[in-house]
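To start, the structure under review is shown below, and the notes come after it.
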Amino acid sequence: METDILSPDIVNQAQSWISNNQELIIHYAVNIAAAILTLVIGFIAVGMLTRGVNSVMKKRNVDTTISDFVTSLIKYGLLAFVIIAALGRVGVQTASFIAIIGAAGLAVGLALQGSLSNFAAGVLLIGFRFFKAGDYVEAGGTAGTVQSVQIFTTILMTADNRMIVVPNAKILNDNIINYSKEKTRRLDLVIGVSYRADLKLTKEVLTRIINADPRVLKEPECRIAVSNLGASSVDFIVRPWVEAGDYWALKFDLLEKIKNELDANNIGIPFPQMDVHLIKNDVA
């Protein structure tokens, strides 16, 4: 004999409750469906709006760092609004909910002071425009090409294609060196030659190499002079000006050309060496 899972009394009570609360059930079902629809449509609308804002700013040649930062702010602000609206459709009192969020936000803010300082630092970095996307900078104890400034962090890419995520507050609280801010840079080379070398000939060779390279700018004028009488060498400074984009290529090429030309003119490039004198004492 099979045993019924639910007794007739329970089934009757359930049917009675459903019949007596049909309006309430329909009301909550409609609200839940409306809340889900609000979330779906809201998320889609937020995505379309943020993409549209980002596209408009790019068409108007707004810097990538600014467009990414503003887009992130709009996105998360609108998502919070959509979630609150969906909760309101379910029947949650949004006024009290916002108050709870405010109190929770205060507690979280106290616990996440570092994140808030990163957010404030990001706003200041965008506002003061210390750098923009594509600039090569040294900041926060590292160096790389700026990809974007996010709400809490800045993304850098190194020359060997490594991504570095640096907190905004660390960048703002440290020195910022922007190597791409100006169109031109000065290349500083120190060339050491032997004390036996002809200094006049050495300067002529260096001048000839500099003047022969079209990447070296005529203005400001390149400075070539003796800068130091070292322990084992006479040091020349060679300071040509160059377009920022040609800096590294020119540096590597000049070092190679200078070495070859000095060798061709029998001008020695010394290396550190030590003379040791032995004194013999005759012991009676």
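Nothing in this text is a laboratory measurement; each read-out follows from the coordinates by a stated rule. Nothing here was measured: the structure is a model prediction, and the numbers come from that model.
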Response to the item:
Distribution output for region 184-264: share of Cα-Cα pairs per 5 Å bin in percent, first bin at 0, values 3, 15, 29, 26, 16, 9, 3, 0
Worksheet item: Using alpha-carbon pairs under 8 Å, 6+ residues apart, how would you state the relative contact order of region 132-178 in percent?
Response: 37
Worksheet, complete the sentence: Scaled by the rule-of-thumb 2.2 N^0.38 Å, the alpha carbon Rg for region 105-235 gives a ratio of 1.60
Discussion item. Taking only the Cα atoms of region 132-178, how large is their convex hull per residue, in Å³?
Written reply: 60
